[in-house]
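J.: Quick one: the structure is below, and I'll ask about it shortly.
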């Protein structure tokens, strides 16, 4: 079946008021960015829907395959077109239905006659199309309420358009419509899922990773780079900041009692993340923490860790069970990368019996013996920065980086 265009339905975007055009404009830009590797195509934005019109069938096929990963799209439908000739309408309707699974399916026709001079009234055209489809496909049964297949026929001035397939989109809001935040990307299962959840709410991501050679291997770094690449496939690039953390981590082991060393480690990471956030113009910090999952994620631990910053900390997984998180990781294709057996810096010095209820005043007392501030500033200035995806025609879309 050769499709003419793709109809995109906004979903949540349709509830926006006067600033709706800003959201739809961002969605349009994200679609252009995500498909910058394809030949040029036309995008037409209307109040309650959007149309994509590629110039060739191969581009159309790629759009249909990859559009489900773009946030801000509730659903979309490939659309066929034909002339206003009745025989042409009949044959096109048959071809559209022929492209679908029809076994044990119910069916109806919905007609919209935008071009009023058309030779048939709405009900006449509905009966004409429906009767011809049923003659061609005897396995179909007519059902007017909630049919399995609803063939939409719209008569416009220039042509007649048809669609019957509704493909679910990713939902949510277009990436970038809710500003930018900095994701603490560890390399485990949780943090990529947290990043995905915030992308879905329209937040553009920078990511930060703490790297401690020789305690962590080059392969642990590659794992995080692969995760950043995965997150960049949802419609916007991801800038990854890799922080050299060895010196700070070694100082923590010398200076801080073992049972609260993890609390101080997380506090130093958050201080560094806050400086990078400020430099990059991000508005918040995102973590993959889930309440009570490990010792550093109790309310007492989170309170002690949070005390180093006034920046909003977004924790989209705070109430999620581990199995829920794993399920999403598998769905978004990050799970197999996350379980590669290469440790990150949070696991190499994990104490045998970490405090689950650390006292903030005691943690601050131990940290006061030797200031970490100079080491923190050095780590920030020595960071390595990479942009993902690596292979992307980004020259026309640099505003999305």
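J.: I'm told residue 47 meets every condition in (1) without any contact (Cβ under 8 Å) to a residue 60 or more places away in the chain; (2) assigned to a loop (DSSP other than H, G, I, E, B); (3) farther than 30 Å from residue 123 by Cβ; (4) touching a helix residue (DSSP H, G or I) at 6+ places or on another chain (Cβ under 8 Å) except one. Can you identify the failing condition by its number?
T.: (3)
J.: Does residue 221 satisfy the condition of being without any contact (Cβ under 8 Å) to a residue 40 or more places away in the chain, out of contact with any helix residue (DSSP H, G or I) (no Cβ under 7 Å at 6 or more places or on another chain) and either in the same structural domain as residue 69 (by TED's automatic domain parsing) or over 19 Å from residue 311 (Cα atoms) (or both)?
T.: Working: without any contact (Cβ under 8 Å) to a residue 40 or more places away in the chain: yes; out of contact with any helix residue (DSSP H, G or I) (no Cβ under 7 Å at 6 or more places or on another chain): yes; either in the same structural domain as residue 69 (by TED's automatic domain parsing) or over 19 Å from residue 311 (Cα atoms) (or both): yes.
Considered against the rule, which asks whether it is without any contact (Cβ under 8 Å) to a residue 40 or more places away in the chain, out of contact with any helix residue (DSSP H, G or I) (no Cβ under 7 Å at 6 or more places or on another chain) and either in the same structural domain as residue 69 (by TED's automatic domain parsing) or over 19 Å from residue 311 (Cα atoms) (or both), residue 221 comes out as yes.
J.: If you don't mind, there's one more thing I want to ask. Identify, please: which residue in region 341-361 is under 17 Å from residue 298 (Cα atoms) and surrounded by 14 or more Cβ atoms within 10 Å (Cβ to Cβ) and is, among those, modelled with the lowest pLDDT?
T.: The residue in question is 346.
J.: Taking the stated definitions as given, is residue 321 surrounded by fewer than 23 Cβ atoms within 10 Å (Cβ to Cβ), more than 23 Å from residue 375 (Cα to Cα) and in the same structural domain as residue 231 (by TED's automatic domain parsing)?
T.: Working: surrounded by fewer than 23 Cβ atoms within 10 Å (Cβ to Cβ): yes; more than 23 Å from residue 375 (Cα to Cα): yes; in the same structural domain as residue 231 (by TED's automatic domain parsing): yes.
For residue 321, the condition - surrounded by fewer than 23 Cβ atoms within 10 Å (Cβ to Cβ), more than 23 Å from residue 375 (Cα to Cα) and in the same structural domain as residue 231 (by TED's automatic domain parsing) - is met.
J.: Of the residues that make up region 55-77, is at least one part of a strand (DSSP E or B) and under 22 Å from residue 157 (Cβ atoms)? Before you say what the answer is, go through the steps one by one.
T.: In the first step, residues of region 55-77 are kept if they are part of a strand (DSSP E or B); the result is 75-77.
Restricting the remaining residues to those that are under 22 Å from residue 157 (Cβ atoms) gives 77.
Taking every residue of region 55-77 in turn, at least one turns out to be part of a strand (DSSP E or B) and under 22 Å from residue 157 (Cβ atoms).
J.: A further question follows. Can you name the residue in region 224-261 that is farther than 30 Å from residue 355 by Cα and out of contact with any helix residue (DSSP H, G or I) (no Cβ under 8 Å at 6 or more places or on another chain) and, of all such residues, is surrounded by the most Cβ atoms within 10 Å (Cβ to Cβ)?
T.: Only one residue tops the list, namely 228.
J.: Does residue 249 satisfy the criteria of being modelled with pLDDT under 95 and in the same structural domain as residue 276 (by TED's automatic domain parsing)? Give the steps one after another, and end with the answer.
T.: Details: modelled with pLDDT under 95: yes; in the same structural domain as residue 276 (by TED's automatic domain parsing): yes.
Spelling it out, residue 249 is indeed modelled with pLDDT under 95 and in the same structural domain as residue 276 (by TED's automatic domain parsing).
J.: Take the conditions out of contact with any strand residue (DSSP E or B) (no Cβ under 7 Å at 6 or more places or on another chain) and over 17 Å from residue 191 (Cα atoms) and apply them to residue 300. Does it pass? So that I can check it myself, show each step before the final result.
T.: Values: out of contact with any strand residue (DSSP E or B) (no Cβ under 7 Å at 6 or more places or on another chain): yes; over 17 Å from residue 191 (Cα atoms): yes.
Here the answer is yes, as residue 300 does meet what is asked.
J.: Filtering region 372-386 down to residues that are assigned to a loop (DSSP other than H, G, I, E, B) and surrounded by 13 or more Cβ atoms within 10 Å (Cβ to Cβ), which residue is nearest to the chain's Cα centre (by Cα)? I'd like the intermediate steps shown before the answer.
T.: Kept after step one, since they are assigned to a loop (DSSP other than H, G, I, E, B), are these residues of region 372-386: 372, 382-383.
Next, from what is left, pick out any that are surrounded by 13 or more Cβ atoms within 10 Å (Cβ to Cβ): 372, 383.
Working: 372: 36, 383: 26 Å.
Top of the filtered list is 383.
J.: So, residue 89, is that one surrounded by 21 or more Cβ atoms within 10 Å (Cβ to Cβ), in contact with a strand residue (DSSP E or B) (Cβ under 9 Å, 6 or more places away or on another chain) and not in a helix (DSSP H, G or I) or not? Steps first, please.
T.: Details: surrounded by 21 or more Cβ atoms within 10 Å (Cβ to Cβ): yes; in contact with a strand residue (DSSP E or B) (Cβ under 9 Å, 6 or more places away or on another chain): yes; not in a helix (DSSP H, G or I): no.
The answer is no for residue 89.
J.: Which one of these does residue 35 not meet: (1) in contact with a helix residue (DSSP H, G or I) (Cβ under 7 Å, 6 or more places away or on another chain); (2) within 19 Å of residue 161 (Cα to Cα); (3) at pLDDT 90 or above?
T.: (2)
The values are calculated or read from the model by the stated rules, or taken from the named source; none is laboratory data. Note that the structure is a prediction, hence the values are computed from the model and not measured. Cβ coordinates were reconstructed from backbone atoms using ideal geometry, including for glycine residues, and neighbour counts include every protein chain displayed.
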